[in-house]
Amino acid sequence: MGNTVMKVGVQREDPLLRIRQRAEAFIRELELEPPPSPALGWSCSYVPQELILAAGLTPVRIPTHLEEAREQTQSYLPPNLCPYVHRLLQAGLSGGLSHLQGTVLVASCDPMRRLADIWELYSRPGFLYRLEMPRREDRPAMEFFLRVLKDFRLSLQDLTGRRIRAEDLRGAVTVLNRTRRIMRELDLLRAMPRSAITSAQLQRIALCVESMSRERFNEMGAAFLARSRKDLLRECRALPGMRQPRLLLAGCVVEDDGLPRLIEDTGGRVVADSLCSGMRHFRGQVEENAASPLEAVAARYLHRLKCPRMVGRGERVRSLVSQARESCSEGVVLHTLTFCDLHQMEVPAQQEALLGANIPCLHLEREHLSGEDSGQLRTRVQAFAELLSRRNRGLSVAATNADRNWNG
Amino acid sequence: MSSPLNRFSARGLLKAYLLRSRLLRDNSPIPALDRVKTETLRMLDKSFRRGEPAVLSGFQAPSEIFHVYGVTPMFTEFLAPMLAAADMAPRVLETTREAGFSRDTCSFHLTVLGAALQGFLPDYSLLVGTSHLCDGQSKSLEDLARRSGSTYRLLDVPQQDGPDARRYLADQLRELEDRLAGLTGYRAGPEDWERAFALSNETRELLLQVNRLRRTEGCPLYGKEAFSFGVLSLMLLGTKFLRDRCREMLDYLQSRSGTGEGTNPYRILWLLAYPYHKLNPIPWLEEERGVRAVADELSHIFWDPLDPSRPHESLAEKMLANPNLGPIEGRLRMIRELVRDGGVEGVLHYSHSGCRQGNGGVRPVQDTVEDVGLPFVELHGDCIDRTQFGWGQMRTRLEGFIELMARKRRGPESSGVGKGERGYYLGVDIGSLTAKAVIVDQDGAVSDKWLFFTGSSSKRTMARLRERVLDAPEYQNRIRSCVATGYGRSAVDFAEEEITEISCHARGMAEIIPGVRTIVDIGGQDTKAISVDGNGGVRRFVMNDKCAAGTGRFLELMARTLEVDIEELGPLALKAGNPASISSLCSVFAESEVVSLIAEDTEPERIARGVCRSVAQRSKTMLDRVGARREIAMSGGVSYNVVVVRELERVAGARIRVPREPQMIGAYGAALLAVEKHGS
């Protein structure tokens, strides 16, 4: 009986396969988009991009996935700062950012503060804005952040020589809200019982979005979704889900598609993420009809899904568990970069909460941002997928504690 | 999570210590310091009492606000040193690792977490973190609060001072005050603030005077003791107790000023923190080498007097005045000031391994110190975790640093070679794998040289050296002087003097390659980059940290993984077109990368080349830090590996000269220094 179904599946053209191929073509188109100009580089998901866009500049994530060598940066920063900070510095020192009008660095954590110093002293950066970002989100923090954003707006005006009016900001909010909506729709395609796009693909799209004109992305993304939606509605619902275990990928910045690809190549399937380089960056909209668009922007950045730099460990841990449940994830991959204190300090609490919720988790600590790292990593990821598949098939009905809090 | 037994024993230990310090009070060398230390412990003891309103906070929280409300504060950064001093840190650190916390986070905060997990700590009703100087602190306090069900408040301190930042922080301090009022059932009035601030301001004045006296010659308060007094004071600011201890300290120092022994110690500025465990270089540095820190950054008084008419704003201003806040320029300014006021001769940065904000600033700090013409040394270590301690390298670095200060004191000098007594001079360089000896005559001409493998016993190596060199008929009783250098230099009992390999390589290389300005020395254990002046004197130097990455040991490990002899690695790599990528910085991980590459059937030639390139890249980092100037020369056993040299030439964009016997440079330099020392 099962065999018959399989055969029918093979004979009919799988619409999901078609969408994935179409997605591949869409990504290749995105990757061919010319770099935007004029543009301003940013380093941290907390940079309010609406203001940059309203100033007539395209906000661009400082590309860190292009550089491999980290040795040069070690004469400026100690090796025990996280690899993301080293890669950012590498990008700054290599002269590869000369097409940008400048950069915005955030006092998001201790290493980022030191990065800004080195950037300022040794890379002759031109325009560099060091953005303050509160770690609380109550009323005084909101008032302070609003004043910070006003100062940021002034600096941007000085840089471009043009005033940022309320309608400029409203326009930027509309554009970026649309981008975020499109990304959310793509995220939902990934979350479907049979993922219409892979997580590796979504990660590549996220990378493209942040290095191209947002208006152009919105057009292209909307067109892709319009084409895919039709197929999906018509045919996909009837098909059974995939066998690969559904996973939530959470934690530190992941710069390229290396890690999700590794997970997907070894038998797992990432259906949701909570990464500042992934969907955490795109979740949460700016209120479009607010009386003060600046306040609306401030509110979005202050109240969105929080990085561990913000106060609120309890809330963050709870939201991880509920995101795993909502996305029907069977397991969670907690990804941290070496020397990222902020994320690492929450790992035990996250593990305990996931254990309590009977959701197995795998903690991966990586020395690098991109690439597939070592064979050892591959083995751990694959073994985790195998373990979840075994649970799926009911082979270990009485999962032991060791199974549930599985650390590889 | 906590065990009542552990809490009971922690209190027992505290009580015993308090009793001991009461009994021994009269014998204390610096009574005011001892009383402050005891008071800190007494406060910890008090926090254990049931119903006692106790607050655990970061050490940059303004303690005045706690004293106004009569709550007992404890700084989390003080708890860890107490545990380290009681040698309990390794044990509690292990607990945090078992609980899943990373090894890499600052051990001050991990230790406190571990102590809480084991139940050694009191129940604090309120935990207060501050965001401005350390991520580890605020994260660990929040975690602790969550685990114990206590309230957590973060004082979010903006990086840039200004009216908006002050308002924001003052608002948070008001909120903190509300919490304290809730905790104690008392609302402080203007007279409470006035009293506490008056005491704090008076103490501030006294501490400024103490710091001034510390800089005077022969002051009995220096180094770690002075640091402890300054830092522990932070928790007691606003109390009568501290004001009185500061008066006592000042009287004590004034009565003894100028009476100190005339040893003329080297005066240094100590940056970042001090190690607290028993394995630390301070007694050696202070007592054996005569180096004294006359200033440090953490006991520096950076704030203006407080204004009781607007207490919250005033405390906010104090916190925001911290020189470590915001761009590094603030810290650099403070360092320049401390260097100038202290009349220091060198600056030491103790890079506590988990301190990202402190260590992240070392490069600009080093550049600033060297701009004012002073020697700088960075020590890698851990203030709390003694298992991270590596004495060999630390000692070489410190001796190199002291040699630089000594050279500066002596002023420019010319070579003494040719002026010495007639006879032979011996230089011995004991490395991790080989021992080298060179004999020169009074004119510096080499008359003999030897190379032995050291093996595991330094005694046996010494015996062989004695037999082959000292007792050889042609040299018996004709060796006028001997200088020992290298990792095992202190084992050479017949040497008149020990000099670091840093100075010896500089001296030896300058003789062989006239005009050399930069030396890369890659030996079995260490990699060093040394900048030298025209006379073969050291200008500045950097060394690798404790790990083996980028050293000869690393190459050896990789050669073993590739199943080739170390000598074959270079020739093998030479055959490769393009190198395989070895990205890991850690030799253990790099080894697993190599294993993966082998498993993927990557040609061994390419892997060998990749390994050589990674060593070269690592050395390039050091060349950059020391400021590579031509001529660049290379010494140490690794310079026999042609591919490492070529790769280094490629990344450095300059020709690298390798002397004919690169392993002998240290011993040769030592022999030349023996001539100079003996002759002058």
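The values are calculated or read from the model by the stated rules, or taken from the named source; none is laboratory data. Keep in mind the model is a prediction, meaning the values are calculated, not measured. When we count neighbours, we look across all protein chains shown, and the Cβ atoms used for this are built from the backbone with ideal geometry, even at glycine.
For region B:94-121, the tally of residues that are in a helix (DSSP H, G or I) and surrounded by fewer than 24 Cβ atoms within 10 Å (Cβ to Cβ) stands at 6. Scanning region B:427-463 for residues that are part of a helix (DSSP H, G or I) and surrounded by fewer than 17 Cβ atoms within 10 Å (Cβ to Cβ) gives B:SER458, B:LYS459, B:ARG460, B:ALA463. What's the number of the only condition in (1) out of contact with any Ser or Thr (no Cβ under 7 Å at 6 or more places or on another chain); (2) more than 14 Å from chain B (Cβ to nearest Cβ); (3) not in a helix (DSSP H, G or I) that A:PRO308 fails to meet? Result: A:PRO308 fails condition (2) only.
Of the listed requirements (1) touching a residue at least 40 places away in the same chain (Cβ under 8 Å); (2) closer than 23 Å to B:ASP123 by Cβ, B:GLY12 misses just one: (1). Would you point out the residue of region A:335-362, among those that are among the acidic types (Asp, Glu) and in contact with an Asp or Glu (Cβ under 9 Å, 6 or more places away or on another chain), that is nearest to B:ARG356 (Cα to Cα)? Only one residue fits best here, namely A:ASP341. For first residues located in region A:102-128 and within 7 Å of chain B (Cβ to nearest Cβ), partners that are β-branched (Val, Ile, Thr) and lie 6+ apart or on another chain with Cβ distances below 7 Å form the pairs A:PRO111/A:VAL85; A:ASP117/B:ILE328. Checked against (1) more than 7 Å from chain A (Cβ to nearest Cβ); (2) closer than 17 Å to B:HIS312 by Cβ; (3) within 29 Å of the chain's Cα centre (by Cα), B:ALA170 passes all but a single condition, namely (3). Picking from B:ASN211, B:ASN201, which residue would you name as being assigned to a helix (DSSP H, G or I), in the same structural domain as B:GLY230 (by TED's automatic domain parsing), polar (S, T, N, Q) and more than 30 Å from A:ALA141 (Cβ to Cβ)? The match here is B:ASN211.
For region A:144-162, the set of residues classified as facing chain B (nearest Cβ under 10 Å) and either touching a helix residue (DSSP H, G or I) at 6+ places or on another chain (Cβ under 6 Å) or surrounded by fewer than 17 Cβ atoms within 10 Å (Cβ to Cβ) (or both) consists of A:PHE144, A:PHE145, A:LEU146, A:ARG147, A:LYS150, A:ASP151, listed by residue number. Exactly one residue out of B:ARG187, B:ARG174 is of a type in the set (Lys, Arg) and either in the same structural domain as B:ILE328 (by TED's automatic domain parsing) or not in a helix (DSSP H, G or I) (or both), and it is B:ARG187.
Evaluation of B:LYS620 against the conditions (1) without any contact (Cβ under 8 Å) to a residue 24 or more places away in the chain; (2) within 11 Å of chain A (Cβ to nearest Cβ); (3) within 22 Å of B:THR527 (Cβ to Cβ) shows that the sole unmet condition is (1).
Mind listing whichever residues of region A:267-301 are aliphatic (A, V, I, L, M) and buried (at least 19 other Cβ atoms within 10 Å of the Cβ)? Correct list: A:VAL270, A:VAL271, A:ALA272, A:LEU275, A:MET279, A:VAL286, A:LEU294, A:ALA296, A:VAL297, A:ALA298, A:ALA299.
The set of residues in region B:523-557 that are of a type in the set (A, V, I, L, M) and more than 22 Å from the chain's Cα centre (by Cα) comprises B:VAL532, B:LEU555, B:LEU557. Being more than 14 Å from every other protein chain (Cβ to nearest Cβ), more than 18 Å from A:TYR84 (Cβ to Cβ), touching a Leu at 6+ places or on another chain (Cβ under 6 Å) and of a type in the set (Asp, Glu) is a description that does not apply to A:GLU326. If you check B:GLU329, B:GLU345 for being more than 13 Å from the chain's Cα centre (by Cα), surrounded by fewer than 16 Cβ atoms within 10 Å (Cβ to Cβ) and not assigned by TED's automatic domain parsing to the domain that holds B:SER102, only one passes: B:GLU329.
Okay, residues lined up against (1) outside any loop (DSSP other than H, G, I, E, B); (2) more than 10 Å from chain A (Cβ to nearest Cβ); (3) of a type in the set (Lys, Arg):
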residue	(1), (2), (3)
B:ARG333	yes, yes, yes
B:GLY354	no, no, no
B:GLY373	no, yes, no
B:GLU378	yes, no, no
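When A:ASP273 is tested against (1) over 26 Å from A:SER195 (Cβ atoms); (2) acidic (Asp, Glu); (3) not in a loop (DSSP other than H, G, I, E, B), exactly one condition is not met: (1).
Among the residues making up region B:115-167, a single one is farther than 18 Å from B:PRO53 by Cα, of a type in the set (Asp, Glu) and more than 8 Å from chain A (Cβ to nearest Cβ): B:ASP161.
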